[in-house]
Amino acid sequence: MQTPDLNRTVETVFRMERARLIAGLARMLRDIEAAEELAQDALVAALADWPTSGVPANPGAWLMATAKRRAIDGLRRRKMIERKHAEIGHDPDRQDTTIEEIEAAMDDDIGDERLSLIFTACHPILSADARAALTLRLIGGLTAGEIARAFLTSETTIAQRIVRAKKTIADAGVDYEVPRGAERDARLASVLEVIYLIFNEGYAASAGEDAIRPQLCAEAMRLGRVLAALLPDEPEVLGLLSLMEIQASRLAARVGPDGVPLTLEQQNRGRWDHLLIRRGLAGLERLRALDGEDGFYALQAALAACHARARRFEDTDWGRIAGLYDRLLEAMPSPVVALNRAVAHAMAFGPEVGLMLLNDIENEPKLSAYPAMHAAKADFLYRTGQMADARCAFERAAALSENRMERTFLLNRAAACLPSHFPQNQNTRP
């Protein structure tokens, strides 16, 4: 008889092994949909078998063996049907691959299957949204409903996105393996981009009612740790993981009791997670040993570390941060990096410098509708005493924001520009 404890044990094992199961089966069958169904069949078999036989010594191997047997049974049936059809129709295109050959292929040493699945789910032929949804489904194990709630869209939209992504991969004949050389470097960038996208949506929600979504940050860090375990000597993998861990250390302090974001200056640093900070800083030390400090994620991790090391906001080394942003802009030129560089230089050398740097970039098409750009300009204007212009810029930023709590934060800043309400030196970055 099944017991709640045993059911929980089976489900826990399945959550731990699910990605490896699907990855191994997908590589064998070249069909993600079939791999997911076989993995689910193995779970059902475990729920039926383990109450009487007990939990096996190696439950992951048991689940894989069960799924393989079911796959082979299905292939046998398919081959028999194809053979009958060929006999009836004398099909000249009949294939002669034997079941024994298929079984041998299934037993090949295929390395770490999860890595191949991550690279498949994050293939550049998919859109960024499709890559994120498919990665959370296959590697993270989230349901379509959970992904939809995380990204504030409908379950139907996410389900369709995942189905289309699987079809695109199948139609393109994508290999279920880790690419090599230059192709791997290009694909790795796509993998890291997807994980960072998931983390950022949790760290600073782009829309909806909540300023942060910690579950998405946790999923992204879990994916990052899987990738770091599989590629322990890849500097940018370590850089991204270090960055996420240091950034996530602030989550408990990032919003106030009313859910409105708090600036770095306002946050209670006693609530920062110092274990995550130590992990992130240790990752940076490992990066230095690998001579990988100049990568895109490594530089951002170094920036986050500057804040993590400051016991008080007043102790922040803004000069070092400005220098790191100079290096980051050179390594990865983009309007958003240029905007963040302007903020750092404003904090290090004064708001007038920030306004000067903004003059060079504020007409960039990607920034014209970007709330953070208008918020930064508003903060610089506020700090130079140009209250009327600052208020207009804060209100413009609020109008562009699709997140309710961010809008509230920005409108509060706009109200603070009224003559009766002048708080001192607030930082624009929540």
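The values are calculated or read from the model by the stated rules, or taken from the named source; none is laboratory data. Remember, predicted model here, so these are calculated numbers, not experimental data. Virtual Cβ from ideal backbone geometry, glycine too; neighbours counted across all protein chains shown.
Would you check if residue 191 is under 29 Å from residue 154 (Cβ atoms), not assigned by TED's automatic domain parsing to the domain that holds residue 130 and not hydroxyl-bearing (Ser, Thr, Tyr)?
Values: under 29 Å from residue 154 (Cβ atoms): yes; not assigned by TED's automatic domain parsing to the domain that holds residue 130: no; not hydroxyl-bearing (Ser, Thr, Tyr): yes.
So residue 191 fails the test.
The criterion of at least 1 residues that are at pLDDT 90 or above is met by the following helices (runs of 4 or more DSSP H) wholly inside region 143-243: 155-172, 181-203, 214-230. Among the residues here, residue 55 qualifies as modelled with pLDDT of 75 or more, part of a loop (DSSP other than H, G, I, E, B) and either farther than 30 Å from residue 232 by Cα or of a type outside the set (Lys, Arg) (or both).
Residue pairs whose Cβ atoms lie under 6 Å apart, separated by 6 or more positions or on different chains, with the first residue in region 349-374 and surrounded by 15 or more Cβ atoms within 10 Å (Cβ to Cβ) and the second in a helix (DSSP H, G or I) and charged (D, E, K, R), are 351/383; 358/377; 374/396. Of all residues in region 50-66, those that are in contact (Cβ under 8 Å) with a residue 24 or more places away in the chain have Cβ atoms under 6 Å from Cβ atoms of residues that are acidic (Asp, Glu), 6 or more apart or on another chain, in 60/17; 63/17.
Only one of 404, 391, 341 is free of Cβ contacts under 8 Å to residues at least 24 places away in the same chain and not aromatic (Phe, Trp, Tyr); which?
Details: 404 fails: free of Cβ contacts under 8 Å to residues at least 24 places away in the same chain; 391 fails: free of Cβ contacts under 8 Å to residues at least 24 places away in the same chain.
Within the list 404, 391, 341, the selection yields 341.
Checked against (1) within 28 Å of residue 139 (Cβ to Cβ); (2) modelled with pLDDT of 50 or more; (3) in contact with a helix residue (DSSP H, G or I) (Cβ under 7 Å, 6 or more places away or on another chain); (4) among the charged types (D, E, K, R), residue 103 passes all but condition (2).
Sub-7 Å Cβ pairs linking a first residue in region 270-297 that is not assigned by TED's automatic domain parsing to the domain that holds residue 240 to a second residue that is modelled with pLDDT under 95 and of a type in the set (A, V, I, L, M, F, W, C), at least 6 apart or interchain, number zero.
If I filter region 369-376 for residues that are closer than 20 Å to residue 410 by Cβ, modelled with pLDDT under 95, of a type in the set (Gly, Ala, Ser) and in a helix (DSSP H, G or I), do I get at least one hit? Within region 369-376, one or more residues are closer than 20 Å to residue 410 by Cβ, modelled with pLDDT under 95, of a type in the set (Gly, Ala, Ser) and in a helix (DSSP H, G or I).
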